[in-house]
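Below you'll find the structure, written out as structure tokens, and then a few comments.
Every read-out reported here was derived from the displayed coordinates using simple, explicitly stated rules and does not represent laboratory data. These figures come from a predicted structure and were not determined experimentally. For neighbour counting, all protein chains shown are included, and Cβ atoms are generated from backbone atoms with ideal geometry for every residue, glycine included.
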Amino acid sequence: MNQEEFLRHLAENHFPAPIITKKDAGTMGVHSHTFEPMALIIEGGMSIESGGVTSRYQVGDIFHLQPNQLHSESYGPQGVTYLVSRKE
């Protein structure tokens, strides 16, 4: 998916305007968010592990988590940059 399509998808699903987030290579341990994040990978890559399942995301992929969903994150060797919206 490209950024224009992603912005349209966010609007159709009542998500607010997104922001750009950058993460360096590395990991973030198990945590959750009180909001519902939806993001489009625009550079690099990452993996998200939740419920014993690991999903990998590259440029053009979208990840979507539910509020309070426990997960961990791993960022690729070049880190990751994504466009993310957070629905409260």
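Observations
- Radius 13 Å from Cβ of GLU43, net charge of other residues (Lys, Arg +1; Asp, Glu -1): 0
- Among the listed values [x] 3, 15, 25, 27, 20, 9, 1; [y] 3, 13, 24, 25, 18, 11, 5, 1, 0, 0; [z] 3, 15, 30, 30, 17, 5, 1, the one computed from these coordinates for P(r) over Cα pairs in 5 Å bins from 0, in percent is [x].
- Under the criterion of Cα pairs below 8 Å and six or more residues apart, the relative contact order for segment 36-88 equals 52 percent.
- Dipole-positive endmost among ILE62, GLY79, GLN3 within the chain (Cβ charges, Cα centre): GLY79
- Taking Cβ atoms as reference points and 15 Å as the exclusive limit, the residues near GLY29 contribute a net charge of -1, counting Lys and Arg as +1 and Asp and Glu as -1.
- The loop-placed chymotrypsin sites (Phe, Trp or Tyr not before Pro) in segment 36-84, going by DSSP, include none that has at most 13 neighbouring Cβ atoms within 10 Å of its Cβ.
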